[in-house]
Amino acid sequence: MLPPTISLDFTYIFILIFAFLLTQHIWRDPECRATIKKFLNKAKGAFDDHHGGGGGGGGFPGQQQRIPMQDGQSTIQPPTPADVTRYRYHHGANVGSVFIMEKWLTGSMFPEHAQGSSELAAVEGWVKQEGIDQARQRFERHWREYVSDGDLDWLRDHGKCTTIRLPIGYFTLGPPYCDGTAFKNVSNVYQNAWPAVKQLVQRCHQRGIGVLIDLHGLPGGANPQDHSGTDSNKAELWTSRSNKDLATRCVLFVAQQARSMDGVAGLQIINEAEYGAKGMYDWYDHVLGEVSKVDSTLPIYISDAWDLSKAASWSHGHNSLRAGQSNPVVIDTHLYWCFSDEDKRKSPQQIAQEVGGKLSSLDGKDGSVIDHGAAQAVVGEYSCVLGEESWAKGGGASKDDLVRQFGNAESSHFQQRAGGSFFWTYRMDWMEGGEWGFKQMTNSHAIVPPQSLTLSAGDVQQRIQHAQSQQQQRKQETVGAHTHYWDTSHPGQYEHWRFEQGWDVGFHDAMAFFGMRTQGGVDGGDKIGMMDLWCLKRLQESGQGGKFMWEFEQGFRQGVRDFYGCAGV
Ligand SMILES: *[C@@H]1O[C@H](CO)[C@@H](O)[C@H](O)[C@H]1NC(C)=O
């Protein structure tokens, strides 16, 4: 894997590179910078191997990449519509309090004397008040109507949503999944809940919107909060074998169902696991082993339990070249600045500034599948809410401006650094939701969609034609720079044809994602958002092997980048 020149001492290499940089002034050229970074990482890796260093592994086994020794057949096919649904940048929102009630969002679904603020409190209250049949009809109406066709049209046309995150509970899967749980006595309310989920997914799909099905409420609760389904204030998923077994069966049911559903972007198996949850990664490993037997292509989203760095290290073991038939794993991380006392002491400007530093625990963990496997994160929840204490520190600036500054910082950073982002939330009783509302924040331009989604179909076509006209020249330049850099700076034996092949795949994939909608005359162009996972998939399908496989990966990434450069997106 390492070019032969790297059996040198790290210090020496370091000096060499910087001498080179100073003489060539190439640090300003992003192409060379990427290559140098790559080389530095390799050199660092060699150094760490040699000197027993190499921190940041997180203590999870299986991060050592085992590269196939020999080349095989390529099975790369052009990206399909389903690939685009799963691997594009997800610009979206949580859909709201539809299948899991939260009183602060959907007070209208709580009877007057409800004993709490959770789904269970709402459903028990109605069953007591009007009987199980009436309650069932009430809930069915809510599932069917709370998000109207007009809402979905707005999400497509104005929100420019690619994807929504749809929170559901284990009870949503129907009475068999309520046995032995707190929902046992009210389970008949949920007879027709799962078909209602399927209907909503279909209504989204008809509009080109994908759905991330989010098992938000698991038996016992992955965290002690009411949005897990009950007011127990406990996270008893982690302490109960039977809860975990039931949770696993829920995941497998949805995965099985999703095989015949169009428009499923992924399956999130858990929401907001509590920090340090005991046995969490063991359960994830177990579920992933089981779900791969049902459908190993479905992206599986897990919660980082408020520790993105650890989750990223763990995910390498699954998103690995040698993992074979296993599901792509996406990390869901949540970013809020309105809850902790520490954040409340900050001004809105400080917080807007801070946004750009988030997700930095991915640094060194994504960007090179060959070195360590893929690490892919999405921001599954965020908002434009700050504490009143923070707004008060705005120094006289208008709140609208401060909100916009904060939201813009979030949108732009997430679009650069994450595979997607889902605002919390869209639908609630108090539309349009203030700083908790995707609709209001979009209308006030605090939350902004990626530029590529705002282009007309005609504009997308023109940009594709322009990119095609530049393709050959751009390829020559990039391949030339790569070849020249390695051959002159680190003379040795290479297999640069792999770089060229990777570049071709990357350029064409980026073009296919971008042009997918316009084939149906629909506005907007998608970009590859799940870059690390898509790259992993292409490496696995490429049939590439041997120690110069890294050239294919570099070429692939630069081909994608060059397409976007040519298309101006
Ligand atoms: C269900 O109802 C029975 C009989 O009223 C009661 O004893 C039991 O505690 C209830 N179970 C749950 C989970 O609420």
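Compared with the dominant Cα axis of the chain, that is its longest principal axis, helix 241-258 is turned about 70°. Annotation note: trypsin sites (Lys or Arg not before Pro) in the stretch 298-393 located in DSSP loop regions with a Cβ neighbour count of at most 13 within 10 Å are 345.
Once the Cα atoms of helix 119-145 and of the chain are each reduced to a long axis, what angle between those two axes, in degrees from 0 to 90 to the nearest 10, is obtained? With both axes taken from Cα atoms, the answer is about 50 degrees.
Per residue, the convex hull around the alpha carbon atoms of the stretch 114-202 comes to 103 Å³. For the chain, the longest piece that avoids every one of the chymotrypsin sites (Phe, Trp or Tyr not before Pro) found in DSSP loops with at most 11 other C-beta atoms within 10 Å covers 1-274. Beyond 28 Å in Cα-Cα separation lie the following of the pairs 198/293; 365/547; 346/439; 128/244; 244/310: 128/244.
Dipole magnitude for the stretch 420-507: about 140 debye, using +1 per Lys or Arg Cβ and -1 per Asp or Glu Cβ, origin at the Cα centre. Oblate is the label for the stretch 457-567, because the ratio a/c of its alpha-carbon gyration tensor axes (a ≥ b ≥ c) is 1.5 or higher and a/b is not greater than b/c.
Name the shape class, rounded, prolate or oblate, that the alpha-carbon gyration tensor gives for the stretch 131-274, where a ≥ b ≥ c are the square roots of its eigenvalues, rounded holds for a/c under 1.5, and otherwise prolate holds if a/b is larger than b/c and oblate otherwise. Prolate, because a/c is 1.5 or more and a/b exceeds b/c. Between residue 490 and residue 399, the simple label model (points 7 Å from Cα in the Cβ direction) yields a spacing of 5.5 nm. Per-residue surface analysis assigns residue 561 an accessible area of about 90 Å², computed on protein heavy atoms at 1.4 Å probe radius. Apply the a/c threshold of 1.5 to the C-alpha gyration tensor of the stretch 374-504 and tell me whether it is rounded, prolate or oblate. Prolate.
Selection among 360, 327, 395 by position relative to the dipole of the chain gives 327 as farthest towards the positive end (Cβ unit charges, Cα centre).
Probing with 1.4 Å while keeping every protein chain in the model, the per residue accessible area of the stretch 457-567 equals 37 Å². Straight-distance candidates among the aspartates and glutamates for linking to residue 103, with alpha-carbon spacing under 16 Å and chain neighbours fewer than 8 residues away dropped: 112, 119, 124, 226, 231, 429.
Please report, in whole Å³, the volume per residue of the convex hull around the C-alpha atoms of the stretch 277-380. Residue-normalised Cα hull volume stands at 105 Å³. Average projection, convex hull of the Cα set of the stretch 231-336: 7.5 square nanometres. Working from label points 7 Å from Cα in the Cα-to-Cβ sense, the residue 145 to residue 350 distance is 4.8 nm. Could you work out how far helix 280-294 tilts from the main Cα principal axis of the chain, as a 0 to 90 degree angle to the nearest 10? Roughly 90 degrees between the two axes. Remark: the residue 112-residue 130 segment gains 5.2 nm on full extension, using 0.36 nm per residue and subtracting the alpha carbon distance. Modelled label positions at residue 282 and residue 75, each set 7 Å beyond Cα in the direction of Cβ, lie 3.4 nm from each other. The calculated FRET efficiency for residue 104 paired with residue 262, based on their beta-carbon distance and R0 = 45 Å, is about 0.85. Full extension of the chain between residue 519 and residue 497 gives 4.7 nm of extra length, using 0.36 nm per residue less the Cα-Cα distance. Under a model in which nothing but the beta-carbon of Lys, Arg (+1) and Asp, Glu (-1) is charged, the chain shows a dipole of about 640 debye around its Cα centre.
Applying 1/(1 + (r/R0)^6) with r as the Cβ-Cβ distance of residue 461 and residue 206 and R0 = 35 angstrom yields a FRET efficiency of 0.90.
Computed with a 1.4 Å probe over protein heavy atoms only, the accessible surface of the stretch 122-178 comes to 38 Å² per residue. Kirkwood hydrodynamic radius of the chain, from the reciprocal of the average inverse Cα-Cα distance over all distinct pairs: 25.0 Å.
The values are calculated or read from the model by the stated rules, or taken from the named source; none is laboratory data. Please read all numbers here as calculations on a predicted model, not as lab measurements. Positions of Cβ are backbone-derived with ideal geometry, glycine not excepted, and every protein chain shown enters the neighbour counts. For the accessible areas, the whole protein counts, side chains as well, though only heavy atoms, and no ligand, DNA or RNA atoms are used. Shrake-Rupley method; radii C 1.70, N 1.55, O 1.52, S 1.80 Å.
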